[in-house]
Each structure stands twice: as structure tokens, then as C-alpha cells.
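What follows is one structure encoded as C-alpha cells, with my remarks underneath.
The values are calculated or read from the model by the stated rules, or taken from the named source; none is laboratory data. Treat the numbers as computed from the prediction; the structure is a model and nothing was measured. All Cβ positions, glycine included, derive from the backbone under ideal geometry; neighbour counts span all protein chains shown. Surface accessibility is based on the protein's heavy atoms, side chains included, excluding ligands, DNA and RNA. Shrake-Rupley method; radii C 1.70, N 1.55, O 1.52, S 1.80 Å.
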Amino acid sequence: MPMTQAPFPASPDTAADRCDVLVIGGGPGGSTLAALLARQGRRVVLLEKARHPRFHIGESLLPANGPLFDELGVRAQVDAIAMPKWGIEFVSFQHDFHSLLEFSEAWDKNQPMAWQVRRDVFDEILIRHAAAEGAEVFEGCQARKVDFDADGATVHATRDDGARRQWRARYVVDASGRDTLLAQQLGLKQRNPRHNSAAVFGHFTGARRLPGKLEGNISVFWFQHGWFWFIPLADGSTSVGATCWPHYLKSRSKPLKEFFLDTIAMSPVLAERLAGAQLVDDKVWATGNYCYTASACSGPRWLMVGDAYAFIDPVFSSGVYLAMASAFKAVEVVEATLDRPAAAAAARRRYAAHMDKGPREFSWFIFRMTNPAMRALFMRPRNVLRAKEAVLSLLAGDIFGRTPIGPSLRFFKLVYYLSALRDWRTTLAAWRLRRFNIRDVGALEGENIAVEGR
Ligand SMILES: Cc1cc2nc3c(=O)[nH]c(=O)nc-3n(C[C@H](O)[C@H](O)[C@H](O)COP(=O)(O)OP(=O)(O)OC[C@H]3O[C@@H](n4cnc5c(N)ncnc54)[C@H](O)[C@@H]3O)c2cc1C
């Protein structure tokens, strides 16, 4: 893969270089938007604080990523490095069978598969693609602060050798992910009062996967403190993580690796799949308190894409898709602001509606995912009034297109409410437990990502 890193100019400490758009963060959101804007002939600068390839969690993608890969022109590259994912396996401690859902059963039968990717490899494809489209990519360069004025902004950055650098940009995109640079600087970041989650995860070799074509499916195992993901990757390793209540992670009184292995033992089916498997490099990661939203996703000369705006929960593997979809939608706002200012306000309103739709659609399910009534529906999905197809479309990320899943999803929700009501004692107990579990327990180690290992 070509290294297309642009050189720093000779006088980095004083020169405020000019660009049309400065993108902060070279993850899926930032690299996608940088590529799309550079393709239009705009001068785009992309700052990435790390150097690719760099580790990132979030390896399971959705069928809805496919059309975005096509438009970007990266599908063949992604196909080459990914494990094909045809569906989802749900395993519940309350049921003695597994539920296997296939994307081919979704409403739109044209997107039957998705991808499992190592994010170091996938994200590198995207950032190199942005450079190939003409964006000037600066890795090892962290944006620190943005000063806005009427014509644009000055972005202050520090390279990883300590040198400082400024850019003058007509427009700034915050794609800094969970670092949420602008949301923090502008005081817009809000903890999500309705959800709270933490995760502990690692990679294994030698995990026992599903047979045949099902090998690349993601498996979700519920357990008493949350749920596990099991994501088979093309290099033979398998990503395994426990998404759990923050207080459970905070209760840890032993080394992270031991804590993780003990947690895995709480799901006998998962433990059995990992019998004899080896933890890669003995590395275990933890991350906490990752549910938040910013109170605005754009301003006169800036917008946020992806996790820089909001993140709720990884259970539906929607993060990378939502980040890339927001980048596609953001193009219109940048174009309007720079070329047709009279259209900017309307473009920003449409963008805000788009940014709220994704988290809203998934949130209803996320907030109820650990409820026994919801578990039962996922374990035995029925296609009455096409409810199963509609839910599968949601799981495939088909939420922004023209697929008319709305009425069937509403029917699914009605069925949920009725079954929750029928078993109201269990529902109430689960609701009370959830309210207790999502309480704010303060900062956790690894507010971003911590690692223990060799
Ligand atoms: C435990 C867990 C599991 C997950 N599992 C999944 C999954 O299976 N599937 C899925 O789709 N999503 C998953 N996600 C979510 C997914 O990781 C994110 O939604 C996705 O990476 C968002 O992309 P992004 O481009 O917005 O941000 P990121 O991918 O986080 O990229 C942001 C980039 O900005 C850089 N950066 C940050 N600050 C600065 C700065 N100041 N200056 C310069 N660069 C900066 C970072 O180094 C990073 O490269 C998971 C998340 C968590 C927490």
C-alpha cells in the first residue's frame, strides 16, 4: 500500500497554511469525508493524531456499508481483507437453542452480506484512499484547539515530535471520534442519561467458529452483566468482548486479563467456543462510559461526523456505518456553506435530522436489549406483518433509504410492549435492574482505551 504522507512545510511553528476544509481525525468518518471533498477539487487537509495502521475497536460492519464502499471506490480493497459476514447468531442464557438471523431475510434482499474487518487494516485503506483522492494527510499530528471567526477557523495542532503547527481553514470537520474535540471545546458533550456501558475485550486465536458459510457471522451471547460479541476475522483471530454495566467493570479487584477470563466463564457457551484458544499477545483492553451525544452537530463553519457527535452502544455494529453515512451526508453542508451560503441553513437542518435519526432508530432497541421480553423476540423472531424482515433491515443498517420498514417496526414495538405487559412482573424487575445498572459510577479506568498485556 503506498505511503502518501505529505511533508510538513519548512516553517511549521509560524505559518498558518490555508485550506478549504480541515478534517480532524482519520478514522472511517474523517477519511471518507476527506476523500469525497478532495475528489471535488477542494483543498482538504486531514490531521490524524496516530499513525496508520493503528489499533481500533469496532470490527463488525453492516450490509449498508456496501453502497458506501462502492461510491467511495474501495469495495474491492475491503473485500480482499475482510471476513464475509452473512448474519448474526444470538445466544441467550434463558434459551436452550441459538437464533440465527441472515441478512438475506431482510426486507431488501439485495444486500445479503457484510464484512468483519481488522480496523487497523480497514482504516488504513480509507485514509490512504483519501490521500489518493487528493487530501493532504498529516499523521502523527493532533489538533488541539480550533479558534473560529466569521470567515472560518484557525486550527492549532501538535506533531508527535512536539512541533506546533497552525492551519487556516474555511471550514472545519470534527471527526475525532470519542475524543470529541469540538464537543468538549464548545461545551456541547452530554452524557446519555438513558444508557451507560463499558467494555472489556481481546483477540483470540484458535476460537471455535460456526461451520461453513456461517463462519464469519457475529455471535452475540447475553450474560448476567450484559452481552459478549464474538467477531471472526480473516487473519484467523477472533475478537471477543464483553459489553457490560460500568459498575461491573469498576468492581474489578484482579488484573484485567483474569477479570476478562472470569467474565467469559459466565457464559458457558462462549467459554466452550474459546476452550483451548489463546489470547493474542496476552492483551486485554477496557473502555468505559462511552454513551454520549453532543447538543449540536454543526455550527456556521463546522460540523461533526461519526462518534465526534454521538455514540450509544456497539450492540448493532452500527458505529462505522453511521460514521461513514454521516460523512456522505456532510458533503452537502460543506458545499452549501462554501459555495452557496444561502442554502447553508437548510442543509444544516437536514444534516441535524440525519444525525439524530441513526442513534434514535437504534436506541429504542439498545435500551431494551437486556430485557427478557426483547430477548425472547430476538430468539424467536416471527415475520408477522413483515416484522422480522423490518428488524433485519435495521440490523443491516438500512435506515436512511427508501425501504418502507417503518410500519412493520412499529408493529414489532407493539408486540414487544404487549409481551412486556403480559409478563409485567419480570419486565418491571428488569426495568428496575437496568435503571440501577446504568447509574453514573464516575470515571472508569480507560475512559478512552486502556490496555494491559505484554
Ligand atoms: C467497545 C466498542 C465496540 C465497538 N464495536 C463496533 C462494531 O463492531 N462495529 C461498528 O461499526 N462499530 C463499533 N464500535 C463503534 C466504532 O468503533 C465507532 O463508531 C467508529 O470507529 C466511529 O468512526 P469515527 O471515524 O467517527 O471515529 P474513530 O474511528 O474513533 O476515528 C477517530 C480518529 O480521530 C483520531 N483523532 C482523535 N482526536 C484527534 C485529534 N485531536 N487530532 C487528530 N486526530 C484525532 C483518532 O486517532 C482516530 O483515528 C464499537 C465501539 C466500542 C466502544
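Quick notes on this structure:
- Which numbered condition residue 165 misses (of (1) crowded, with 22+ Cβ neighbours inside 10 Å; (2) of a type in the set (D, E, K, R); (3) modelled with pLDDT of 95 or more): (3)
- Residue within the range 277-294 that is farther than 30 Å from residue 189 by Cβ and among the charged types (D, E, K, R) present: yes
- Selection within the range 236-245 - away from the ligand (no atom under 13 Å from the Cβ) and either in a strand (DSSP E or B) or on the phi < 0 side of the Ramachandran plot (or both): 237, 245
- Residue tally, condition of a type outside the set (A, V, I, L, M) and over 17 Å from residue 231 (Cα atoms), over the range 264-275: 1
- Those residues of the range 163-196 which are within 10 Å of the ligand (Cβ to nearest atom) and charged (D, E, K, R), in sequence order: 174, 178, 179
- Screening 396, 346 for residues that are of a type outside the set (Phe, Trp, Tyr) and either out of contact with any Pro (no Cβ under 8 Å at 6 or more places or on another chain) or open to solvent by 40 Å² or more (accessible area, probe 1.4 Å) (or both) leaves exactly one candidate, 346.
- Residue check for residue 263: of a type in the set (Val, Ile, Thr), in contact with a Gly (Cβ under 8 Å, 6 or more places away or on another chain) and either in contact (Cβ under 8 Å) with a residue 40 or more places away in the chain or surrounded by fewer than 23 Cβ atoms within 10 Å (Cβ to Cβ) (or both): no
- Those helices (runs of 4 or more DSSP H) of the range 292-384 in which 2 or more residues are under 23 Å from residue 433 (Cβ atoms) and either within 16 Å of the ligand (Cβ to nearest atom) or not hydrophobic (A, V, I, L, M, F, W, C) (or both) occupy 344-368, 372-379.
- Selection within the range 230-251 - buried (at least 23 other Cβ atoms within 10 Å of the Cβ), under 20 Å from residue 278 (Cα atoms) and of a type in the set (A, V, I, L, M, F, W, C): 230, 231, 240, 242
- Residue in the range 142-153 that is assigned to a helix (DSSP H, G or I) and open to solvent by 10 Å² or more (accessible area, probe 1.4 Å) present: no
- Hits in the range 130-150 - residues which are more than 14 Å from the ligand (Cβ to nearest atom) and not charged (D, E, K, R): 131, 132, 134, 148, 150
- Residue within the range 225-236 that is among the acidic types (Asp, Glu) and touching a residue at least 24 places away in the same chain (Cβ under 8 Å) present: yes
- Residue 248, sole failed condition from (1) part of a helix (DSSP H, G or I); (2) touching a strand residue (DSSP E or B) at 6+ places or on another chain (Cβ under 7 Å); (3) of a type in the set (Phe, Trp, Tyr): (2)
Matching residues to (1) open to solvent by less than 20 Å² (accessible area, probe 1.4 Å); (2) assigned by TED's automatic domain parsing to the domain that holds residue 272; (3) in contact with a Phe, Trp or Tyr (Cβ under 6 Å, 6 or more places away or on another chain):
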{"site": "184", "(1), (2), (3)": "no, no, no"}
{"site": "204", "(1), (2), (3)": "yes, yes, no"}
{"site": "208", "(1), (2), (3)": "no, yes, no"}
{"site": "211", "(1), (2), (3)": "no, yes, no"}
{"site": "216", "(1), (2), (3)": "yes, yes, no"}
{"site": "220", "(1), (2), (3)": "yes, yes, yes"}
{"site": "225", "(1), (2), (3)": "no, yes, yes"}
{"site": "228", "(1), (2), (3)": "yes, yes, yes"}
